[in-house]
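To start, the structure itself, in structure tokens.
The values are calculated or read from the model by the stated rules, or taken from the named source; none is laboratory data. Because the structure is a prediction, the values reported are computed rather than measured. When we count neighbours, we look across all protein chains shown, and the Cβ atoms used for this are built from the backbone with ideal geometry, even at glycine.
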Amino acid sequence: MDYLVCCILSHGKEGSVHGVDGQPVEIKRLMERVNGSHCPSLAGKPKLFFIQACQGNSEQKAVYIEADGPAESYIFSDAYKASDTIPADADFLLGMSTVASFTLPFVHLTSDSLPRHGLS
């Protein structure tokens with residue numbers, strides 16, 4: 001296996017998602033099951049988790065911003081000598097539709113807007 005992609009659409013609460021039995025499962029626990037310690041064949045390989053699940057009861061408010069200038073054309077780097085080991089929890093990307101304590105009807109809004117705007 002060259003990488004892992006896991007997509008979870010469920011209900012949830014802060015730090016967890018609901019399983020098929022309705023019981024909460026910690027997101028951290030799901031990710032630990034495929035880290036370098038528990039799944040050596042995935043060590044050093046990308047593990048992408050995309051989760052659509054509320055993490056609380058409050059609604060997130062939108063904030064409008066304007067660009068304050070052009071993007072930088074260079075990157076600063078604090079490079080150091082690479083070692084022969086990596087952390088067990090390396091190579092993870094966790095994409096959440098909301099942040100702790102908030103709800104966000106991402107999938108609901110997307111599925112409602114696709115039929116209306118999908119052909120435009």
Item checked: Of residues in region 16-62 being over 18 Å from the mean Cα position of the chain (by Cα) and among the acidic types (D, E), the one surrounded by the most Cβ atoms within 10 Å (Cβ to Cβ) -> E59
Notebook entry, point to check: Does K28 meet the test of being touching a Leu at 6+ places or on another chain (Cβ under 9 Å), at pLDDT 90 or above, of a type in the set (D, E, K, R) and within 17 Å of A90 (Cβ to Cβ)?
Noted result: no
Note to self: Taking the conditions exactly as written (part of a loop (DSSP other than H, G, I, E, B) and closer than 13 Å to L93 by Cα), does G44 satisfy them or not?
What the structure shows: yes
Checklist line | Members of region 13-29 found to be assigned to a strand (DSSP E or B) and at positive phi, listed by number | finding: none
